[in-house]
Amino acid sequence: MAVEVKVFRSWGNPFSYRVELALRLKGVAYEHIEEDLSNKSTLLLDYNPVHKKVPVLLHHGKPIAESLLILEYIEETWQENPILPKDPRERAVARFWCRFLDDKCLVALWMSCWTEGETQQNFMEQAKECLHLLEEELKGKKFFGGDSIGMVDIAASSIAHWLGVLEEVAGISLLDEEKYPNLCKWTEEFLKSDAVMECLPKRANLLALFQTRKQAISSVK
Amino acid sequence: MAAAAGEVRLIGGWPSPFVLRARVALNLKGVEYEFLQEKFGEKSELLLRSNPVYKKVPVLLHHDKPVCESMIIVEYVDAAWAKSGQAILPADPYERALHRFWAVYIDDKWFPSMFGIAKAQTEEAKAESVEQAWAALKLLEEAFEKLSKGKAFFGGGTIGYVDIALGAYLGWAKVIEQMAGLKLFDEEKTPLLAVWAERFCAHEAVKEVMPETEKLMEFAKMLRGK
């Protein structure tokens, strides 16, 4: 039987991870196609000519790009284990936090780890403000989605796993347990999920990947 | 379907394309709302309380509960008044994904290049931004051809999600065209979009709320003077 669902992804990429996690939470079988981001396949470039990036979801041969948009498509196509609430206003709130993660939070976290000096200090300040807002949003909830993992949790997966690795490589601390107890508890709960763990890249491999990248950047100076 | 007085309020500013998006969506659905115009240079208590994360307009208050971010507001209006007017997003999940994709592209790629023309300090920088803006519009022209399926709007027979996303910038696009002495929505480069732009601005749901180019020009001059 031909596999209807394919995911173009890169193993260490948190955005393609989001797509795989959503499919697994909904019990959707898929085939993944590993992309070497330094040598992108013609298929990927054909399916995402505008951005030329992973992830791309292919369903019945039709491509969808941009991880948050793919999550919306997955939610609308496979109704099991909903990742968005039914109420329109609650959906709007979830979308707000997903965009917040992509537009502000994850950028600040990422840049905190790859910059130095005053630039780094500025990014770290922004990152801490973002984490504080997420901490507040989690109050009284097990997950951003309530009792079960939802779209915001999926969008925030890089905080649960990639952030710790980046902090180690950069030698900084951002996700402080004293300042962000809700977020730290959320990380623990998130990583208890089978679907989460099934396709999570190994920490040791991520560490090696980011350390190599850090060395490459340092050697250019 | 008229809303009860006070049920729907929109915090915004008349020059903002993002606020315009919310207004067009509400108009398309025939929703009555109170427009709470922010004073330029000052942010009201209500705005700061309703959008503490970004402190920006637009904010839709429905039964006093806030919804923030223009395209999220548009999608909310489409869902909350699903039984009124025409659907803003299509029903098919794949079509929806395509509409969302182009709306994100418009904000992430087209708007910065258009804005770049206005901000450019040198002729080279301006020329580069202009090229980027035209290249983006060329992609949007192709997208229009695919999504409209020969009809008047990206949304088909009626204004849809992508129309709102792009159309909201048309007032400012005209200002930039005048200030920079060029055509962005050029009949030769992007003929479909050039016609679409006129059609969008003339639409009933748009024409009363689209700010006049002269007023925007004055506003832009005032901003530059600061």
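Remarks
- Residue check: residue B:142 meets all listed conditions (1) modelled with pLDDT of 95 or more; (2) surrounded by 14 or more Cβ atoms within 10 Å (Cβ to Cβ) but one, namely (2).
- When residues of the range B:70-100 are limited to those that are surrounded by fewer than 22 Cβ atoms within 10 Å (Cβ to Cβ) and of a type in the set (Phe, Trp, Tyr), the one nearest to the other protein chains (Cβ to nearest Cβ): B:94
- Check on residue B:152, outside the structural domain of residue B:72 (by TED's automatic domain parsing), surrounded by 18 or more Cβ atoms within 10 Å (Cβ to Cβ) and out of contact with any strand residue (DSSP E or B) (no Cβ under 8 Å at 6 or more places or on another chain): no
- Per-region count, the range B:57-69, residues within 11 Å of chain A (Cβ to nearest Cβ), outside any strand (DSSP E or B) and of a type in the set (D, E, K, R): 1
- If the condition is being more than 13 Å from chain B (Cβ to nearest Cβ) and buried (at least 19 other Cβ atoms within 10 Å of the Cβ), then the range A:70-107 contributes A:83, A:106.
- Under the condition of being more than 19 Å from the chain's Cα centre (by Cα) and surrounded by 22 or more Cβ atoms within 10 Å (Cβ to Cβ), the residues counted in the range B:157-189 number 0.
- Pair list, Cβ < 8 Å and 6+ apart or interchain, from the range A:61-77 residues that are of a type in the set (S, T, N, Q) to residues that are outside any loop (DSSP other than H, G, I, E, B): A:67/A:15; A:67/A:16; A:67/A:18; A:67/A:19; A:67/A:155; A:77/A:59; A:77/B:93
- Within the range A:113-144, the set of residues being within 17 Å of the chain's Cα centre (by Cα) and either among the basic types (Lys, Arg) or at pLDDT 95 or above (or both) comprises A:127, A:130, A:131, A:134, A:143, A:144.
- Residues that are more than 26 Å from residue A:161 (Cα to Cα) and surrounded by 15 or more Cβ atoms within 10 Å (Cβ to Cβ), drawn from the range A:16-43: A:43
- Residue B:162 meets all of the listed conditions (1) closer than 15 Å to residue B:110 by Cβ; (2) assigned to a loop (DSSP other than H, G, I, E, B) but one, namely (2).
- When the test is whether a residue is touching a Lys or Arg at 6+ places or on another chain (Cβ under 6 Å), touching a residue at least 60 places away in the same chain (Cβ under 8 Å) and buried (at least 22 other Cβ atoms within 10 Å of the Cβ), residue A:154 passes it.
- Among the residues of the range A:10-56, those identified as under 18 Å from the mean Cα position of the chain (by Cα) and among the acidic types (Asp, Glu) are A:20, A:34, A:35.
- Scanning the range B:36-53 for residues that are outside any helix (DSSP H, G or I), surrounded by 14 or more Cβ atoms within 10 Å (Cβ to Cβ), under 22 Å from the mean Cα position of the chain (by Cα) and not charged (D, E, K, R) yields B:36, B:51, B:53.
The values are calculated or read from the model by the stated rules, or taken from the named source; none is laboratory data. Computed from a predicted structure; not experimentally measured. Using ideal geometry, Cβ is built from the backbone for each residue, glycine included, and neighbour counts are taken over all protein chains shown.
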